[in-house]
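The values are calculated or read from the model by the stated rules, or taken from the named source; none is laboratory data. Everything quoted here is computed from the prediction, not taken from an experiment. No Cβ is skipped: glycine too gets one built from the backbone with ideal geometry, and neighbour counts run over all protein chains shown.
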Amino acid sequence: MNSTPSVIVFDVNETLSDMSPLSARFVEIGAPAHLARVWFASLLRDGFALAAAGGTAQFSMIGSEILRGVLRDVDLTRSLDDSVRHVMDGFETLSLHPDIADGIRDLKSAGLRLVTFSNGSAQVAESLLTRAGLRGEFEALLTVEDAPAWKPVRAAYDYAADVCGVKPGDLLLVAVHPWDIHGAAQAGLRTAWLNRADEIYPSFFAAPDHTITALGELATQLARDSHPAHRP
């Protein structure tokens, strides 16, 4: 295995994108802000369960159906259909976390290939990066919609390696989600856990190869790994 990965693979939702504005969309339809986190956790839960049972479905479809259930007993300020549409449309308006842009440029300047890989649609990643002026830094925007299964199923990461034309060990996944780190590690990828919120990493998941609090730290850590200090 090379000392430095050749391809950096970025998760999208919450890793690149700041999803906190979606809470305001819940408030705008008359729902409490905390339902945004309940809904997103439920979306992931059912997507994972479907994948574990050998099935798959689009992120947007699962998200919309889960949202209907979450909002069913809420006194909404607009129709249920309009409310669901308003929340789901919010994915197309999200911005990058503040640490992302410079970190991406540093990794690109280091000669690394950059791709995204999301359980959501490639269009969301396209819009996010285009608005930030960073689309040109990425050679591909991958989605599990073209893979055999959702992340964290191994086949999803194998798909990413195949598309990039490298072995899994030449990929390094960057994600805020420990479940994604674990799935990637089990598939043979290297990993970097982006821990912005000073959280505790679950001991039952495979430990990340790198832990960073901002994306800009990753290029420095990789450079140090490839040029270790000389010890007499």
* Residues that are under 17 Å from the mean Cα position of the chain (by Cα) and loosely packed, with under 15 Cβ neighbours inside 10 Å, drawn from segment 202-217 -> THR213
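Results for (1) assigned to a helix (DSSP H, G or I); (2) assigned by TED's automatic domain parsing to the domain that holds ASP209, shown as yes or no for each residue.
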position	(1), (2)
PHE40	yes, no
ASP46	yes, no
ALA57	no, no
ASP82	yes, no
MET88	yes, no
ASP106	yes, yes
VAL115	no, yes
* Can you spot a residue in segment 168-176 that is part of a loop (DSSP other than H, G, I, E, B) and over 13 Å from the mean Cα position of the chain (by Cα)? -> no
* **Residue that is surrounded by the most Cβ atoms within 10 Å (Cβ to Cβ) [pool: residues in segment 177-188 that are over 15 Å from the mean Cα position of the chain (by Cα) and in a loop (DSSP other than H, G, I, E, B)]** => ALA187
* **Residue count, segment 90-104 (criterion: of a type in the set (Asp, Glu), in contact (Cβ under 8 Å) with a residue 60 or more places away in the chain and either over 14 Å from LEU16 (Cβ atoms) or part of a helix (DSSP H, G or I) (or both))** => 1
* Residues of segment 26-38 being over 20 Å from the mean Cα position of the chain (by Cα), touching a residue at least 12 places away in the same chain (Cβ under 8 Å) and assigned to a helix (DSSP H, G or I), which ones? -> PHE26, GLU28, LEU35
